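To start, the structure itself, in structure tokens.
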Amino acid sequence: MKPFKSPQSLPLVQLINWIFRPLDFLEECASKYGDMFNLRLMGLPPFTVVSNPQGIEEILSVDAQKFDVGRTNNLAGSLLGDNSLVLLDGVTHRRQRKLMMPPFHGEKVKSYAQTICQITQQVAHRWQEKQTFVAQKAMQDITFETILHVVFGLSEGERYQQIKPSLIELLDLTGSPLKASVIFLPFLQQDLGEWSPWGKVVRRKCKIYELMQAEIDERRASPELSGNDVLTLMMSARDEAGEGLSDIELKDQMMTLLVAGHETTATALSWAFYWIHKIPEVKQKLLAELDGFADLDDPLAIARLPYLTAVCNETLRINPVVITAFMRLAKSPIEVMGYQFAPGTILTPTTYLTHYREDIYPEPKKFRPERFLERQYSPYEFLPFGGGNRRCIGYALALLEMKLVLATVLTRYDLTLASDRPVVPTRRGATIAPNNGVPLILQGKRDRKIQEQLSTIQ
Ligand code: HEM
């Protein structure tokens with residue numbers, strides 16, 4: 001088989017494109033080189049981008065032993081810590097993942113539903129009538145409070161008040177394409193004092209770790225303070241040799257969950273608010289479904305509503321918050337789409353390009369939730385949360401949160417976009433977020449009873 005073609009531009013040029021205009025760059029490459037091409041970003045090993053569902057299936061469904069993933073994520077170590085789940089491989093990864101999964105699945109996730117609705121109402125209560133607020137910021141408040149509840153069982157107190165601004169400041173330090181460069185260029189990761197870009201990251205991270213250590217120490221001293229949260233579970237876990245996790249392991253996993261579980265969901269929600277208010281028919285259909293639904297006090301029934309589910313899926317398709325799955329480093333020879341790859345090759349399923357394939361999603365640039373009602377997509381055609389043995393552990397929580405936040409806000413408040421200007425997807429650390437955070441205006445409160453009567457008359 002003929003070797004596939006790839007961009008020949010300098011690695012520095014490719015890196016600049018990847019940081020500053022990742023979506024246009026990927027689209028240009030796909031239109032010139034097709035479903036598979038190699039990228040060479042300065043400072044990183046070359047990797048093969050794959051956007052064909054058959055190829056993605058061949059990568060994500062093979063035996064997990066065939067790939068290492070953690071070592072390709074080493075750049076994240078400076079932010080999340082070297083023991084972070086995302087940096088682990090093999091048996092250690094399997095063991096830690098097993099330990100961390102239960103609070104994010106099945107019945108346990110459902111038990112967070114009431115809390116998510118309450119947190120949403122508390123945050124929305126602060127919005128002023130006829131005033132503008134930024135969706136991204138409001139959603140960060142909601143998703144942060146939710147993840148703190150899930151991970152630490154914290155919802156109030158001094159420690160909670162301190163962790164929140166420190167983490168938001170830390171994430172803001174990588175919150176623009178220019179600032180995000182520090183993650184991709186390890187030589188910029190120099191602590192040159194309190195005011196240097198990396199010095200600020202180091203100090204914010206230290207502060208968060210101090211607060212986490214205080215929480216761990218307090219729970220060790222007074223076990224009755226422990227609750228039904230992830231930290232409690234992880235502190236009590238023991239391996240076959242009876243060994244528990246060290247404090248640094250605990251803190252790195254907590255940091256991973258706080259970072260991975262907060263910004264991603266807030267960004268997905270901001271995109272959802274943007275599209276719902278950009279396209280009047282979408283908002284009308286969604287409100288008709290929500291207003292016509294009798295039991296708004298049953299959050300789990302809300303989460304099953306078909307049009308609401310379709311709106312969330314279409315948001316994650318058209319604006320996948322993370323544009324690729326993690327990179328997979330082949331440990332033995334592997335064949336993908338008829339091509340032979342040697343051990344050491346890095347293969348990367350690309351969510352963004354797959355979600356924009358005309359053959360799977362006709363008119364891919366159009367926001368059309370109906371496509372998810374008309375057809376079922378395979379996990380290799382629709383993959384906002386990646387797949388295989390590294391599939392996002394928070395996907396069920398993130399989807400539940402998206403649906404409940406949208407339902408809680410839209411049934412109670414009448415919002416409009418503050419500006420007609422098109423929103424531009426822009427890099428914010430590892431995510432792609434709306435450039436302006438989506439400013440919204442609260443026009444007024446909605447009276448659900450009147451809306452219900454109207455919907456029965458119509
Ligand atoms: C809309 C929200 C979210 C999106 C789009 C998202 C997306 C992703 C993606 C694409 C991956 C890589 C999967 C792969 O390569 O196969 C991932 C991994 C991960 N996510 Fe999420 N995520 C979201 C929310 C969350 C939440 C709420 C949490 C935690 C509570 C979380 C925790 C993690 C962790 C720990 C991993 C690493 C898994 C591993 O290495 O085994 N994410 N996520």
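Assorted remarks:
- Overall Cα dimensions of the stretch 78-123 - principal axes, largest extent first, Å: 41, 27, 8
- Here the 3J(HN,Hα) profile of the stretch 203-215, calculated from phi with Karplus coefficients 6.51, -1.76 and 1.60 at θ = phi - 60°, is 5, 4, 5, 4, 4, 5, 5, 5, 5, 5, 4, 4, 5 Hz, Gly and Pro shown as x.
- Rounded to the nearest 20 debye, the dipole magnitude of the chain is 880 debye, with +1 charges on Lys and Arg beta carbons, -1 on Asp and Glu beta carbons, and the Cα centre as origin.
- D (Stokes-Einstein, µm²/s), Kirkwood Cα radius, the chain, 0.890 mPa s at 25 °C: 106 µm²/s
- From helices alone, the chain scores -15500 deg cm²/dmol at 222 nm; the rule is -39500 (n - 2.57) for each run of n ≥ 4 DSSP H residues, then divide by the residue total.
- Accessible area per residue was computed with a 1.4 Å probe on protein heavy atoms; T92 scores about 70 Å².
- At an R0 of 35 angstrom, the distance between the Cβ atoms of T92 and D447 translates into a FRET efficiency of 0.05.
- Accessible area of the chain belonging to carbon and sulfur atoms, whole % at 1.4 Å probe: 54 percent
- Counted by Cβ distance under 12 Å from V405, the other residues give a net charge of -1, where Lys and Arg count +1 and Asp and Glu count -1.
- Rg ratio (alpha-carbon, reference 2.2 N^0.38 Å) - the stretch 330-458: 1.47
- These residues, L397, L300, go from largest to smallest accessible area, 1.4 Å probe, as L300, L397.
- Taking Lys and Arg as +1 and Asp and Glu as -1, the other residues whose beta-carbon sits under 15 Å from that of L300 total -1.
- Neighbour net charge for M337 - beta-carbon separation under 11 angstrom, K R +1, D E -1: -4
- Only Cα pairs under 8 Å and 6+ residues apart enter the sum, and on that basis the relative contact order of the stretch 11-457 stands at 25 percent.
- When each of the peptides 404-410, 131-137 is scored by the mean number of other C-beta atoms lying within 10 Å of its residues, the order from highest to lowest reads 404-410, 131-137.
- Solvent accessible area, Å² - E129, 1.4 Å probe, full protein context: 110 Å²
- Here the calculated FRET efficiency for R220 and D420, from their Cβ-Cβ distance with R0 = 45 Å, stands at 0.25, rounded to the nearest 0.05.
- Sorted peptide list for 228-241, 140-153, criterion being average Cβ within 10 angstrom, highest first: 140-153, 228-241
- Förster radius 51 Å - calculated FRET efficiency between E363 and E169 (Cβ-Cβ, nearest 0.05): 0.80
- Using only the C-alpha atoms, the convex hull of the stretch 274-357 corresponds to 137 Å³ per residue.
- Loop GluC sites (Glu not before Pro), the stretch 368-404, which have at most 16 other Cβ atoms in a 10 Å radius of their Cβ (DSSP): E370
- Using the Karplus relation 6.51 cos²θ - 1.76 cosθ + 1.60 with θ = phi - 60°, the per-residue 3J(HN,Hα) values for the stretch 11-24 come to x, 5, 5, 5, 5, 4, 4, 5, 7, 8, 9, x, 6, 4 Hz, with x marking Gly and Pro.
- Each of Q253, F385, Q118 was placed along the dipole of the chain (beta-carbon charges, centred on the mean Cα), and the one lying farthest toward the positive end is F385.
- Interchain or long-range residues, amide H under 5 Å from F67's placed H: K331
- Ranked by the mean number of other Cβ atoms within 10 Å of their residues, highest first, the peptides 323-333, 197-207 come out as 323-333, 197-207.
- For F47, nonlocal amide neighbours, meaning residues 5 or more places apart or on other chains whose placed amide H falls under 5 Å from its own, are L39, L41.
- Distance (nanometres) between label positions extended 7 Å along Cα→Cβ at W127 and E240: 5.3 nm
- In the context of the full set of protein chains, residues of the stretch 11-457 present 44 Å² of accessible surface per residue (probe radius 1.4 Å, heavy atoms only).
- Proximity of backbone amide H atoms, modeled 1.01 Å from N, is registered between V336 and F341 at under 5 Å, excluding neighbours fewer than 5 places apart on the same chain.
- Ligands, DNA and RNA aside, F382 has an accessible area near 40 Å² when probed at 1.4 Å.
The values are calculated or read from the model by the stated rules, or taken from the named source; none is laboratory data. It should be emphasised that the depicted structure is a prediction, and the values quoted were computed from it without experimental measurement. Because the Cβ atoms are built from the backbone with ideal geometry, glycine has one as well, and the counts that use them run over all protein chains shown. Side chains are part of the model used for accessible areas, which takes the heavy atoms of the whole protein and leaves out ligands, DNA and RNA. Shrake-Rupley method; radii C 1.70, N 1.55, O 1.52, S 1.80 Å.
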